[in-house]
Structures are given as C-alpha cells and as structure tokens.
Amino acid sequence: MQSPNDRPPSAATSDSVSEYHLAELRIAQDPAAAGHILPPIPADANAVLDIGCGAGQSLIACKLRDDVLACGVDPELAALALGKRLNGHIQFAAARGERLPFADETFDFVLSRVAMPYMHVPAAAREIARVLKPHGGVWLTLHPVSGAFKSLWHGLTSVDLRRARFALYVLANTLLLHVFGRQIAHAGDRYESAQTSGGIKRALRAAGLVDVAVSRGRFYVVTARKPGG
C-alpha cells in the first residue's frame, strides 16, 4: 500500500515517471504482488472512469471489454502520454478529480486508487456523484491515518523537519476533514490528507452517495453507489 509520501517527485523526469508507472502496471497485472489490488468492476458496466489513473495501469489490468468506454484522468502529462502508448483503447484526459471534464451521468463505475488523498475530498466526491449514472458504483482506495503518523515519526527521528512539518499539515487536514468536512490547501490549490472512516463516509454521503462501506484489511477500501433516479 502506498503511504502519503510514496509517489513520483513533483519535478520528476519523463523517464522516472515512466519507470514508476510501468512498475505499477506490473503490480496491477500480477495477483501475487504485494501491492496488487483491482476493483470489482461489474460485468455489465459500459462506461468506466479511473480518477488519478496514472498511465491507466488499473484499467489495463482489468481487461475491460472492447466495447466499454474506458476513461482515465490525471494531472501528470508524462503519465498520460505513457498510457496512450501502452493502450490505444483507453481515453485519457489531463484533469483533476475536483473538476472532471465529463457530462452528468456518464459512467456506470468510478474507481480511484490512492489518488483521492491528494484531492479536495468533498469536491471530488461531488464530482464523482455528478458523473455517475443512477445505480452506478464507486470504488476507492485511501490512505489511513497511521501512514501520516509514521511519516511524522520518521521525520522527527531522522531530523527531517520538512517531512515532519508536512506530516503535521496532513494530520491537521485529516482532522479538519473528519470534524468539519473542510480542508486547507498547500502549494496553491494542492491538497493532501489521510482519511478516517467517519470523515470519508460523511463526505460521500454529503455528495449524495449511499451504501457507503469501509474495509480496513490489507488495503483501505471504500465503496458506495449512486441511488437510482
């Protein structure tokens, strides 16, 4: 499972981004890999969206039918360029989860693997609900609070004050989201938080989603659906 700091550096080169996402693709395609997890996409889903798709590794590994509209959005242009080279069927768009470039009720299923922690969660939840068709499903993997505490501990014990300060920001944002349903940005309009079960349930329900369920096993998985019209 990724921790809040396990992601390509913001100033990463195209080669390092490709290396990272190709490694993620290998994990997605190997059920024996430690980090392997894929969403249970319904067999009758005709339109599927991956938010924070990277190079589309989850969509590729899911082996969707050729007639399925498979879309992935991510703000990382180098990752999207790699995805287009890897798979010509997936439709990629440079976008963030808080502002999805799709019409209302477009998708039967929305997935997001460890990407929502880097978004404004309430805004992303509203966008997910907006683009879902009635009865559409949601599958998310998130960051537990324990990861932020581990990052803070490592920052303090290694005297890495920058890491410790950022971990405190993540923990503060986590608390704000849990108690007030709000978040504070860093670096302009960037966000990062861990998610509590109560906080993510309230955010998804406030967006109009129902049957919100949390699984806290080897991965932190949250599922929900949009009610019928």
note = Contact list, first residue from segment 181-197 and farther than 18 Å from residue 221 by Cα, second anywhere and part of a strand (DSSP E or B), beta-carbon distance below 9 Å, six or more apart or interchain, is 189/96
Residues of segment 73-96 that turn out to be in a strand (DSSP E or B) and surrounded by fewer than 17 Cβ atoms within 10 Å (Cβ to Cβ), as a count = 3
query = Is it fair to say residue 164 is more than 21 Å from residue 223 (Cα to Cα), modelled with pLDDT under 95 and among the hydrophobic types (A, V, I, L, M, F, W, C)?
reply = no
request  = Could you look through segment 13-46, keep only residues that are more than 20 Å from residue 222 (Cα to Cα) and small (Gly, Ala, Ser), and pick out the one that is surrounded by the most Cβ atoms within 10 Å (Cβ to Cβ)?
outcome  = 18
ask   = Is it true that residue 48 is over 30 Å from residue 188 (Cβ atoms), assigned to a strand (DSSP E or B), modelled with pLDDT of 95 or more and among the hydrophobic types (A, V, I, L, M, F, W, C)?
value = yes
ask   = What are the residues in segment 132-146 that are surrounded by fewer than 21 Cβ atoms within 10 Å (Cβ to Cβ) and over 17 Å from the mean Cα position of the chain (by Cα), if any?
value = 133, 134, 135, 146
inquiry  = Going through 223, 174 one at a time, which residue ends up being hydroxyl-bearing (Ser, Thr, Tyr), at pLDDT 95 or above and either over 22 Å from residue 126 (Cα atoms) or crowded, with 20+ Cβ neighbours inside 10 Å (or both)?
reply    = 174
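The values are calculated or read from the model by the stated rules, or taken from the named source; none is laboratory data. Everything numeric in this text was worked out from a predicted model, so none of it was measured. In this analysis, Cβ positions are derived from the backbone assuming ideal geometry, glycine residues included, and neighbour counts consider all displayed protein chains.
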